[in-house]
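Report on the structure given below.
The values are calculated or read from the model by the stated rules, or taken from the named source; none is laboratory data. Since the model is a prediction, treat every value here as computed from it, not as a measurement. Neighbour counts run over all protein chains shown; Cβ positions are idealised from the backbone, glycine included. To get the accessible areas, we keep the full protein, side chains included, count just its heavy atoms, and leave off ligands, DNA and RNA. Shrake-Rupley method; radii C 1.70, N 1.55, O 1.52, S 1.80 Å.
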Amino acid sequence: VTRSLTITSLDQSMFEKAQGEKVTLPCTFELSEEDEGPLDIEWVLIPADNQKREQIIIMYAVDRIYNHYYAAMTGRMQFTNLDPKSGDGSLDILNLKASDTGTYQCKVKKAPGVQSKKIQLTVLGK
């Protein structure tokens, strides 16, 4: 049986926060020796409104962080860990807005392993 990478943060998948607060969406993972491709961590927002399309909000690829995809959150989000390849791809979102409500998916890829985890975030009005 080949062990592939696993996402280890399975504890909490629903968060409720008030506007203006900060949230850390957990996404820790363990790599395995079989996975030898480049590490790729991607956070996608699946909007509550089905009319809108999924949006990549932040990405870590080939030792670089790309966080300019999603203007609505620019400057308000960051990887919790400056070095996500250490096994922590968790995401901090600061100064929450009601419009941040939605389903967030953390996708960790390191070929041939791929794992993802969905987290529901609800931001309540003041």
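Before moving on, here are some points about what is shown:
- Of all lysines in the structure, those lying under 17 Å Cα to Cα from residue 110, and not within fewer than 8 positions of it along the same chain, are 85.
- Surface composition of the chain: carbon plus sulfur atoms hold 50% of the accessible area, using a 1.4 angstrom probe and ignoring ligands, DNA and RNA.
- Taking a straight line from the alpha carbon of residue 97, these aspartates and glutamates sit under 20 Å away, with near neighbours fewer than eight places off in the same chain left out: 16, 21, 49, 54.
- Multiplying the residue separation of residue 98 and residue 124 by 0.36 nm and removing their Cα-Cα distance gives an extension gain of 8.7 nm.
- Over the range 55-126 - Rg/Rh using Cα atoms and the Kirkwood inverse-distance radius: 0.97
- Assuming charge only on the beta carbon of Lys and Arg (+1) and of Asp and Glu (-1), the dipole of the chain about its Cα centre is about 520 debye to the nearest 20.
- Evaluated at q = 0.20 Å⁻¹: base-10 log I(q)/I(0), Debye formula over Cα of the chain: -1.12
- Look at the alpha carbon pairs under 8 Å that are at least 6 residues apart: their mean separation over the length of the range 61-115 gives a relative contact order of 21 percent.
- Database remark: amide H of residue 89 closer than 5 angstrom to the amide H of 27, 28, 29 (H placed geometrically; neighbours at sequence offset of 5 or more, or on other chains; Pro and chain starts carry no H).
- Working from the Cα coordinates of the range 1-50, the gyration tensor eigenvalues give, after taking √(5λ), semi-axes of 29, 14, 11 Å in decreasing order.
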